[in-house]
Every structure is written in C-alpha cells, then in structure tokens.
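Data first, discussion second: the structure below is written as structure tokens.
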Amino acid sequence: MDALKLCREANDKTTRTQNDVGRRLGDRIGDIEYWKTEVYNETGEMITEIDALNRAKLALEKMIADIETPLHISQECLYNREKRQGIDLVHDDVERALIKVRVFDRSHKQ
C-alpha cells in the first residue's frame, strides 16, 4: 500500500513538474519568437535606412562633382585677377565673391 501511494505521489509530482517545465518552455519559445520578430523588424528598418543613406551619399557625391568645374573656373579667375597691376588692380564685388568661393572651398576640404 505504501509503495503504491509513493508511486502515485511520485507520478503526480513528475506530472506537475513536467507541466510546469512545459509551460515555462512554451513561455520561453514565445519570448524567443517575439524577440526574433523584433530583430527582423529592426534589421529591415536598418537596411532601409542604409539604402537611404547610400542614395543621399551618391547624390552628394554627384553635387560635389557638379561644382568642381565652376569652382575651378572661379579659382582661375581669382588667380588671373591677382596678377593685375596698377590701375587694373581693383577690389570689386566680383573679386569678393570669388574670394568667398575660395574660402568656402578651403573650409570644406579640411
């Protein structure tokens, strides 16, 4: 009798423990699935952001390439103006604008 009672108690305890472990494993699986979904969502958002940044970078690189020729021309004009002598050596609005371009270019290259 005692042996049978002990077997039933052990069986009941084992069943309860298995149920508890099964429930906790189920909770853990649910947590893992949730965080897996969160990681996938964040990864997707980061990929989207990286693509947007790459497009912006390409646009900026194109803009830089587009201003290289006008910048070179303005620098050449300023250089030629600096070679003037005597009465031709004037400091006008055009020269000030050319100097601004040169200063702007130097500040952005650093």
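The values are calculated or read from the model by the stated rules, or taken from the named source; none is laboratory data. Quick caveat, the model's predicted, so the values are computed rather than measured. No Cβ is skipped: glycine too gets one built from the backbone with ideal geometry, and neighbour counts run over all protein chains shown.
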Checked against (1) surrounded by 10 or more Cβ atoms within 10 Å (Cβ to Cβ); (2) of a type in the set (A, V, I, L, M, F, W, C); (3) without any contact (Cβ under 8 Å) to a residue 12 or more places away in the chain, CYS77 satisfies every condition except (3)
Residue within the range 59-67 that is over 34 Å from the mean Cα position of the chain (by Cα) and in a helix (DSSP H, G or I) present: no
Which of the residues belonging to the range 81-95 are loosely packed, with under 10 Cβ neighbours inside 10 Å and at pLDDT 75 or above? LYS83, GLN85, GLY86, ASP92, ASP93
